[in-house]
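Student: Let me give you the structure first, and then I'll get to my questions.
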Amino acid sequence: MNYLLKCGLALVLFTGLAACSAQEEKPKTSAEDVRLTAEDQVYVGFVLDTLKDERWYKDKELFEEAAESKGAHVKTLAANGNDDVQLKQAELLIEEGVDVLVVVPHDAAFSAAIVDMAHKAGVKVISYDRLITNSEVDYYISFDNVKVGELQASEVVKQASNGNFAYIGGAESDNNAVLFRQGAMNVLKPLIDKGSVKLIHDQYTDGWDPITAEQNMKTALAKNGNNVDAVIAANDGTAGGVINSLSSVGLAGRIPVSGQDAELEGVRRVVKGTQTMTVYKPITLLAEQAADMAVKVGSGEDVAADQSVHNGKIDVPSLLLEPVAVTKENVRDTVIKDGYLTEKDVYQ
Ligand code: GAL
C-alpha cells in the first residue's frame with residue numbers, strides 16, 4: 001500500500017477518533033460543563049406551573065428582578081399546567097447546574113418527584129406560593145391561604161348572611177385551593193350548622209379554568225332554578241366565569257361574589273359592583289422575600305423561618321405573608337396605594 005494512501009488512512013482514523021472522543025466526552029456532561037453562570041454567581045431555577053393567570057407574570061418579573069438585584073442569575077420556565085413538562089423542566093435546570101430550585105407546583109403531590117430528584121443532585125427546593133406535599137421540601141413561602149378563604153367568605157356573608165350558597169373552588173391539585181376552601185368553610189360552617197346557610201353547590205375547578213367555572217356555575221343555577229343567594233369563588237378568574245353565568249340569568253350585581261388576586265378586571269368588577277371583593281396578596285413582598293431566601297439557600301446558607309407548615313410528611317420551615325381583603329371602599333388604600341394597579345386603569 002503506497003505511502004500516501006497510508007498517510008491518508010492514518011489521517012481519517014485520527015480525525016474519526018478525535019470526533020468520537022469529543023462525542024465520548026459529551027455523555028459525561030455534568031452541571032459544571034454546562035453551567036451558564038460564573039462559579040460564584042448563584043444560579044436560581046424558577047419553575048412555574050403556568051403563566052395563564054395575570055398574577056404569574058408579575059411573580060416572574062418581580063422575582064427575577066429581585067434575585068438579579070442580589071447578584072443571582074435566574075432562569076424561569078413555565079409548564080403550562082403539565083406535570084410531566086414541569087418535572088422535565090426541573091430536570092433540565094438541575095442538569096444546567098442550578099444551585100436552588102424555586103417551584104410553583106402544578107400538582108402538589110406529583111411535584112414531590114421534583115424534590116427527590118433535586119435532593120439527589122444536592123439541590124435544595126423552595127415551594128413558592130403553593131406547597132409541595134408529601135415531600136422533604138426545604139422551605140415554603142406564601143400567604144396565609146386559610147385566611148384568604150376566611151376573608152372571602154366573611155365579605156360575602158356581610159352582604160348575604162343566609163340563603164343558598166355556592167362554592168366554586170380552585171384546582172384540587174393545588175394545595176392552596178384546599179386551604180382557601182378550608183378557610184371559607186371555617187366561616188360558613190357555623191351558619192350552615194344553625195341552618196341559615198345552605199351549601200347547594202360545592203365544586204373544585206379543574207386547572208383554575210374560568211370557562212369551566214362558568215359551566216359549573218351554570219349547572220348550579222340550573223340545578224336550583226336560579227335560586228342562588230351568594231357565591232364564594234376562589235379567585236378572580238373563576239369569579240369572572242361565575243359572573244358571566246349570573247349575568248345570563250340576570251343575577252350579576254344582585255348577589256355577592258368573592259374573588260382573589262386583585263386582577264385588573266377583578267378590581268374593576270368590584271368597583272362596578274358585580275363582584276363583592278377580591279383578595280390582594282402583595283406579590284412584590286412575596287417575590288422579594290423569596291428571592292432573598294433563594295440566594296441565601298443557593299449560597300449554602302440556612303434561612304431562619306419563624307413558622308412551619310406540615311405537608312403530610314414533614315414540618316416545612318415556612319414564611320406566610322398577610323393577605324388583604326379589597327372591597328369598593330378600600331381599593332385606593334390598598335392596590336392603588338401600593339402601586340399594584342393604577343387609578344387610571346381601575347377607574348377609567
Ligand atoms: C393559586 C394562587 C392564586 C391563584 C391560583 C390560580 O395557587 O395562590 O393566587 O392565582 O393559584 O393560578
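Student: Please enumerate the residues belonging to the stretch 310-322 that are in contact (Cβ under 8 Å) with a residue 60 or more places away in the chain and in a strand (DSSP E or B).
Tutor: Matches in the stretch 310-322: Val316, Pro317, Ser318, Leu319, Leu320, Leu321.
Student: Answer yes if at least one residue in the stretch 184-207 is among the small types (Gly, Ala, Ser), surrounded by 15 or more Cβ atoms within 10 Å (Cβ to Cβ), farther than 23 Å from Asp107 by Cβ and touching a helix residue (DSSP H, G or I) at 6+ places or on another chain (Cβ under 9 Å), and no otherwise.
Tutor: No, there is no match, as no residue in the stretch 184-207 is among the small types (Gly, Ala, Ser), surrounded by 15 or more Cβ atoms within 10 Å (Cβ to Cβ), farther than 23 Å from Asp107 by Cβ and touching a helix residue (DSSP H, G or I) at 6+ places or on another chain (Cβ under 9 Å).
Student: Of everything in the stretch 80-99, what is within 18 Å of the chain's Cα centre (by Cα) and crowded, with 24+ Cβ neighbours inside 10 Å? Give them in sequence order.
Tutor: Gln86, Ala90
Student: Moving on. For the stretch 125-155, give me the residue count where each residue is part of a loop (DSSP other than H, G, I, E, B), within 13 Å of the ligand (Cβ to nearest atom) and among the hydrophobic types (A, V, I, L, M, F, W, C).
Tutor: Total meeting the criteria: 2.
Student: Go through (1) in contact with a Pro (Cβ under 7 Å, 6 or more places away or on another chain); (2) away from the ligand (no atom under 16 Å from the Cβ); (3) of a type in the set (Gly, Ala, Ser) one by one and return the number of the condition Ser247 breaks.
Tutor: Among (1) in contact with a Pro (Cβ under 7 Å, 6 or more places away or on another chain); (2) away from the ligand (no atom under 16 Å from the Cβ); (3) of a type in the set (Gly, Ala, Ser), Ser247 violates only (1).
Student: Going through Ala290, Ala325 one at a time, which residue ends up being of a type outside the set (S, T, N, Q), surrounded by 19 or more Cβ atoms within 10 Å (Cβ to Cβ) and assigned to a helix (DSSP H, G or I)?
Tutor: Testing whether each residue is of a type outside the set (S, T, N, Q), surrounded by 19 or more Cβ atoms within 10 Å (Cβ to Cβ) and assigned to a helix (DSSP H, G or I) leaves just Ala290.
Student: Another question, if that's okay. Answer yes or no: is there a residue in the stretch 185-205 that is within 25 Å of Leu264 (Cβ to Cβ) and either of a type in the set (Asp, Glu) or without any contact (Cβ under 8 Å) to a residue 24 or more places away in the chain (or both).
Tutor: Within the stretch 185-205, none of the residues are within 25 Å of Leu264 (Cβ to Cβ) and either of a type in the set (Asp, Glu) or without any contact (Cβ under 8 Å) to a residue 24 or more places away in the chain (or both).
Condition check ((1) over 18 Å from the mean Cα position of the chain (by Cα); (2) touching a residue at least 40 places away in the same chain (Cβ under 8 Å); (3) more than 16 Å from the ligand (Cβ to nearest atom)) across all residues:
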site: Leu101; (1), (2), (3): no, yes, yes
site: Pro105; (1), (2), (3): no, yes, no
site: Met117; (1), (2), (3): yes, no, yes
site: Phe165; (1), (2), (3): yes, yes, yes
site: Ala171; (1), (2), (3): no, no, no
site: Leu179; (1), (2), (3): no, no, no
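Student: Here are some conditions: (1) within 16 Å of the ligand (Cβ to nearest atom); (2) touching a residue at least 60 places away in the same chain (Cβ under 8 Å); (3) crowded, with 22+ Cβ neighbours inside 10 Å. Thr284 meets all but one. Which one does it not meet?
Tutor: Status for Thr284: all satisfied but (3).
Student: Answer yes or no: is there a residue in the stretch 296-309 that is free of Cβ contacts under 8 Å to residues at least 24 places away in the same chain, crowded, with 16+ Cβ neighbours inside 10 Å and under 28 Å from His73 (Cα atoms).
Tutor: Yes - at least one qualifying residue is present in the stretch 296-309.
Student: Let me ask something else. With respect to Ala108, determine if the residue is small (Gly, Ala, Ser), closer than 19 Å to Met293 by Cβ and crowded, with 22+ Cβ neighbours inside 10 Å.
Tutor: Spelling it out, it is not the case that Ala108 is small (Gly, Ala, Ser), closer than 19 Å to Met293 by Cβ and crowded, with 22+ Cβ neighbours inside 10 Å.
All of the numbers you see were taken from the coordinates with simple rules; none came from a lab. Small disclaimer: the values here were computed from a predicted structure and weren't measured. All Cβ positions, even for glycine, are placed from backbone atoms using ideal geometry, and neighbour counts span all protein chains on display.
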